[in-house]
Amino acid sequence: MKIKTILSVLTLTVLSVSTFAQKGELNSAKSNYEKYVQLKDAGSAALGLTSLTSAKTSIDKAVANEKTMNEQEAWTFKAMIYADLALNEAEEAKAELMVSDAAAALKKAVELDQAGAGKANRERASNLFAQFELNKGVKAYQTQKFEDAYQAFNKSLSYKPGDTTLTYYTGLSAINAQNYKAAIKNYAELLKTNYSANNQIALDLSKLYALEKDTVNALEVASTFAAKFHDAALATQEIELSLMSGKEKQIVTKINEQIAQDPKNKTNYFYAGIAYSSLKDPKKAEEAYKKALEIDAKYEDAAINLASTVLNVGIDLINTANKLPANKQKEYDIAIKQANIEVDRALPFLQKVVEINPKSVNGWENLKTYYIIKRNQAKIDEINKTIQSIQ
């Protein structure tokens, strides 16, 4: 009996030592890894590389041994250790292999951890994966490999969903890769957050929708966030899109609001002129273009539109007169006289355009129209020669 008891004790002792030995590898891996992390957090990662290497040696043994190979903690630490090794590896191919092993280890840890005990450490591992992909993305972006950058940032974001910086980087890379649908997706997500640059993100998103010929969403974004942020650039975007979409009646009030807020902004007066012209109110359009030119006397677009607006009033009167029946000679004469007054009133504005830009074909063509109405062939020929010389 005594001999059997002694043998039993010896057997139990050997088993305990064996189990402790394997647990010791896991504990060693954990201890050495935490030493490395402390040094890394202190800005001295290079000093901790010996500890990181020792942690790898121990964790490889721990996950290979039947006593600890089914412990989630072992696989979780392998994921973290290998991810940090990948971050420190200069050779790209080796780094990719290490991070691949780390990802496989993390997947194994998730399968083993039914109770969720290792969740916090798995989040640490995910952050390391995110950093690895972020580093790849930055490198690709800096070398103008924008599609590669987008893929890397997007993968990084998959490890840290909702991270605003990564969402912005992913969207920005997608824009540069001309992957506008992906850019729209990420920028739209940013606008659901309190990201600090959301006024610019909203403007860019509106422009992205416009590039995709989605004017409805482009206008909705500009309108919504112009009101939210009281942003002049977004307000301008809303105005431009509205004018392009034939919504002059709806936008004219907002244009005047912008003029009231910034009465020295020539562009808003120019937009007002366009809106009033479209609304068949040439008098208000003329006033708006003149206001723009008071701010900038060399504002060519405003000068062209002003000249065209006044000239078109005269042309419309001529066309109306020409439609009168033959027995309405008196009315015809009155209409033509008024038409000539308007046409003559347009002359200084027409001349102003070609003074501002002597190479403006549009300006010279409009001036030629004036002389066609006046039946001045010498001037018509002269202008034709000028147009030929600048085309």
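Readers should treat all values here as calculations from the given coordinates under stated rules, not as data from a laboratory. Note that the structure is predicted; figures quoted are calculated from it, not measured. Note: ideal-geometry Cβ built from the backbone for every residue, glycine included; neighbour counts use all protein chains shown.
Results for (1) among the charged types (D, E, K, R); (2) farther than 15 Å from LYS264 by Cα; (3) in contact (Cβ under 8 Å) with a residue 24 or more places away in the chain, shown as yes or no for each residue.
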residue	(1), (2), (3)
LYS290	yes, no, no
ALA303	no, yes, yes
SER308	no, yes, yes
ILE315	no, yes, yes
ILE318	no, yes, yes
ASN327	no, yes, no
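Residues in the range 293-335 that are touching a Leu at 6+ places or on another chain (Cβ under 8 Å) and surrounded by 15 or more Cβ atoms within 10 Å (Cβ to Cβ): LEU293, TYR299, ALA302, ALA303, LEU306, ALA307, LEU311, TYR332, ALA335.
Could you grab me the full set of residues in the range 215-231 that are touching a helix residue (DSSP H, G or I) at 6+ places or on another chain (Cβ under 7 Å) and either in contact (Cβ under 8 Å) with a residue 12 or more places away in the chain or within 21 Å of ALA272 (Cα to Cα) (or both)? Break it down into steps so the answer makes sense when it comes.
Taking the range 215-231 first, the residues touching a helix residue (DSSP H, G or I) at 6+ places or on another chain (Cβ under 7 Å) are 215, 217-219, 221-223, 225-226, 229, 231.
Correct list: THR215, ALA218, LEU219, VAL221, ALA222, SER223, PHE225, ALA226, PHE229, ASP231.
Return the only residue of LYS207, LYS139, LYS192 being without any contact (Cβ under 8 Å) to a residue 40 or more places away in the chain and closer than 30 Å to PHE77 by Cα. Show your work before the answer.
Values: LYS207 fails: closer than 30 Å to PHE77 by Cα; LYS192 fails: closer than 30 Å to PHE77 by Cα.
None of the others qualify; the one that does is LYS139.
Within this structure, LYS94 passes the test of being assigned to a helix (DSSP H, G or I) and among the basic types (Lys, Arg).
Among the listed residues ILE334, ILE356, which satisfies the condition of being more than 21 Å from GLY273 (Cβ to Cβ) and not aromatic (Phe, Trp, Tyr)? First the steps, then the outcome.
On the way: ILE356 fails: more than 21 Å from GLY273 (Cβ to Cβ).
Checking each option against the conditions leaves just ILE334.
Once the range 40-52 is narrowed to residues that are free of Cβ contacts under 8 Å to residues at least 24 places away in the same chain and surrounded by fewer than 17 Cβ atoms within 10 Å (Cβ to Cβ), the residue that is farthest from the chain's Cα centre (by Cα) is THR50. Out of the residues in the range 368-391 that are free of Cβ contacts under 8 Å to residues at least 24 places away in the same chain and surrounded by 15 or more Cβ atoms within 10 Å (Cβ to Cβ), state the one that is nearest to ALA307 (Cα to Cα). Looking at residues that are free of Cβ contacts under 8 Å to residues at least 24 places away in the same chain and surrounded by 15 or more Cβ atoms within 10 Å (Cβ to Cβ), I get LYS368. Looking across the range 89-105 at every residue that is among the aliphatic types (A, V, I, L, M) and under 14 Å from GLU133 (Cβ atoms), the one that is surrounded by the most Cβ atoms within 10 Å (Cβ to Cβ) is identified as ALA102.
Of the listed requirements (1) farther than 23 Å from LEU166 by Cα; (2) within 33 Å of the chain's Cα centre (by Cα), GLU133 misses just one: (1).
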